[in-house]
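Below you'll find the structure, written out as structure tokens, and then a few comments.
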Amino acid sequence: MYVGSDDEVRIVSRGGYNGGNITWRNLRSNLVYANAVDINNGTHVYIRPTSGGEAKVTATGTTNNFRPIRARTFTTDTSMRENKKDIEVFSEDSLDVFRNAQIYTYRRLNDDQFAFKQLGMMIDETPRILHGEAGDSFDLYALTAYMGKGIKDIITITDKHGDEINWLKIENQYLKQKIKQLEDRMGAP
């Protein structure tokens, strides 16, 4: 069936309503809305926004009131070396970023006053490499990798301190022996 429309197409039961499972597409803004659609007949489900687009989960009838999404795991598109190019070791020190970025609790502008407070950072206090493509949110894979880099930076400092402590212990033992030798000489007849 082909249907032409300048604005909107609604698909409903013959009676005009299908128990809340109404699906429509706003053709002008390229947004697709679906209420209570059950997709369970395939191994994989693909959401295919146009190039530069995003898959967004929002409250019914809104485009900016984001809703939670839940899954057992969230897998990145690829972490295999053979699927990447222009690979370079990221060697910048991450600790100053962690030292200077504040962690906040907040509510979103469209949350009511009793909504559960969120925990997070502000995008303007962090380096661009942590931001999503649009620049208005964090790329969680990048943020996780950056935290891993922070742990490595801390391990480097801890290892250096461990080496210094071991040398100080050796030096302390040596100086104790020297003091003992001097005390023995001074106490000798």
Per residue of region 99-104, in order, report the coupling 6.51 cos²θ - 1.76 cosθ + 1.60 (Karplus, θ = phi - 60°) as ³J(HN,Hα) in whole Hz, putting x for Gly and Pro.
-> 5, 9, 7, 8, 10, 10
Among residues other than D93 whose Cβ falls under 11 Å from its Cβ, what is the net charge (Lys/Arg +1, Asp/Glu -1)?
-> 0
May I ask you to list the residues of region 128-172 whose amide nitrogen lies under 15 Å from a point 7 Å from Cα along the Cα→beta-carbon direction of I103?
-> 144, 147-148, 150-151
Going by average Cβ neighbours within 10 Å, how do the peptides 66-78, 170-182 rank, with the highest at the top?
-> 170-182, 66-78
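Please label the shape of region 74-189 as rounded, prolate or oblate, based on the square roots a ≥ b ≥ c of the eigenvalues of the alpha-carbon gyration tensor (a/c under 1.5 means rounded; beyond that, a/b larger than b/c means prolate, else oblate). Present the calculation step by step, with values, prior to reporting the outcome.
Values: a/c = 4.81, a/b = 2.29, b/c = 2.10.
Verdict is prolate for region 74-189.
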Between region 138-178 and region 86-102, what's the alpha-carbon centroid distance in Å?
-> 17
Would you mind checking which residues have amide H under 5 Å from T58's amide H? H placed 1.01 Å from N; only 5 or more apart, or other chain.
-> R67
Find out how many positive minus negative residues lie around I69, taking Lys and Arg as positive, Asp and Glu as negative, among other residues whose Cβ is under 15 Å from that of I69.
-> +3
Got a sec to turn the phi values of region 88-97 into Karplus ³J(HN,Hα) couplings, 6.51 cos²θ - 1.76 cosθ + 1.60 with θ = phi - 60°, whole Hz, x for Gly and Pro?
-> 9, 6, 7, 10, 5, 6, 8, 5, 5, 4
Members of K56/K152; K117/K160; K56/K84; K84/K152; K56/K117 lying beyond 28 Å, as alpha-carbon distances in this model show | K56/K152; K117/K160
Normalised by the number of residues in region 85-189, what is the relative contact order in percent for Cα pairs under 8 Å and 6+ residues apart?
-> 20
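Classify region 71-125 as rounded, prolate or oblate, taking a ≥ b ≥ c as the square roots of the eigenvalues of its Cα gyration tensor: rounded when a/c is under 1.5, otherwise prolate if a/b is larger than b/c and oblate if not.
Numbers: a/c = 3.65, a/b = 1.57, b/c = 2.32.
The shape class here is oblate.
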For region 175-181, what does the Karplus curve 6.51 cos²θ - 1.76 cosθ + 1.60, with θ = phi - 60°, yield as ³J(HN,Hα) per residue in whole Hz, taken in order and with x for Gly and Pro?
-> 5, 4, 5, 4, 4, 4, 4
Residues whose modelled amide H sits under 5 Å from the amide H of F138, counting only those 5 or more places away in sequence or on another chain, are G132
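Please work out the average accessible area per residue across region 67-189, using the 1.4 Å probe convention, and give it in Å².
I get 91 Å² per residue for region 67-189.
The values are calculated or read from the model by the stated rules, or taken from the named source; none is laboratory data. On a predicted model such as this, the values are computed, not experimentally measured, just so you know. Here Cβ is always computed from backbone atoms with ideal geometry, including for glycine, and neighbour counts include all displayed protein chains. Keep in mind that these areas ignore ligands, DNA and RNA; they rest on the heavy atoms of the full protein, side chains included. Shrake-Rupley method; radii C 1.70, N 1.55, O 1.52, S 1.80 Å.
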